[in-house]
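Taking it in order: structure first as structure tokens, then the write-up.
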Amino acid sequence: MSLDSPLAAGSGPEVPPSSTVQAAPPGVIALSLAFAKMSLAGFGGVLPFARRAIVDEHRWMTADEFNETFALCHFLPGPNIVNLSFVFGARFRGFIGGLAAFAGLVGPPMILVSVLAVLYMHYGEIPALRRALSGISGAAIGLLVATVFRMLMPLLKRRDLSALLLMVAVFVAIGPARLPLQMVLLVAAPVSLAIVFLKRRVLP
């Protein structure tokens, strides 16, 4: 046995970094509880909390897998995070898993918001409350920007120039150019698929 081998050095088999180690698939109850926790913690939007729970805390997906799944949900009609809950649950536990994740996501906030709506109807004009809500909106924007940056990191690490150029083009088209979202998606989706197809043909 060579002295350069891991066993000879006494180090044992190489263990991948914790960020790349995926945990066992969650069960139906775990899915429901996890998404309920995300929804109740998700002040200003659930996406930052969903990514942290799925990728960093539970390691049910890698960063790339989360980006790909969220991209699919972004192209579907309806709220992105609701689509993500069902697609994510169905991926691991089929239709029942999708329903469990969906119920966990929308159930607790629906009850909470119904109670808050009644309270807001009676006390919504209080100046202190309105100032507090304005402060919360700033924190929500900060959470969203931080999540976008973390989702961008896998592309930067891979140095995927075509994906970065496509991302910038879509941002410019929807943002400064103010083109209709549907038109941009109808162009961007086929272009992204064509890029992947050409990459696999040229670099199998």
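Points to keep in mind about this one:
- Any chance I54 is surrounded by fewer than 16 Cβ atoms within 10 Å (Cβ to Cβ), at pLDDT 90 or above and β-branched (V, I, T): no
- L72 satisfies every condition listed in (1) modelled with pLDDT of 90 or more; (2) closer than 30 Å to A189 by Cα except (1).
- The combined condition, being small (G, A, S) and touching a Lys or Arg at 6+ places or on another chain (Cβ under 9 Å), is not fulfilled by A34.
- Of all residues in region 178-204, none that is within 23 Å of G78 (Cβ to Cβ) and not assigned by TED's automatic domain parsing to the domain that holds M167 has its Cβ atom under 8 Å from the Cβ atom of a residue that is part of a helix (DSSP H, G or I) and modelled with pLDDT of 80 or more, 6 or more apart or on another chain.
- Residues (over 22 Å from the mean Cα position of the chain (by Cα) and either modelled with pLDDT under 85 or assigned to a loop (DSSP other than H, G, I, E, B) (or both)) located in region 175-185: P176, A177, R178, L179, P180
- Per-region count, region 36-51, residues under 17 Å from A146 (Cα atoms) and crowded, with 17+ Cβ neighbours inside 10 Å: 8
- Qualifying residue in region 79-100 (condition: surrounded by fewer than 17 Cβ atoms within 10 Å (Cβ to Cβ), at positive phi, among the charged types (D, E, K, R) and not assigned by TED's automatic domain parsing to the domain that holds L193): no
- Inspection of region 56-68 finds a residue satisfying the criterion of being of a type in the set (G, A, S), assigned by TED's automatic domain parsing to the domain that holds I136, within 18 Å of A146 (Cβ to Cβ) and in contact with a helix residue (DSSP H, G or I) (Cβ under 7 Å, 6 or more places away or on another chain).
- Residues of region 111-128 that are in contact with a helix residue (DSSP H, G or I) (Cβ under 9 Å, 6 or more places away or on another chain) and either among the aliphatic types (A, V, I, L, M) or under 17 Å from V28 (Cα atoms) (or both): L112 alone.
The values are calculated or read from the model by the stated rules, or taken from the named source; none is laboratory data. Remember, predicted model here, so these are calculated numbers, not experimental data. Glycine gets a Cβ as well: all are built from the backbone with ideal geometry, and neighbour counts include every protein chain shown.
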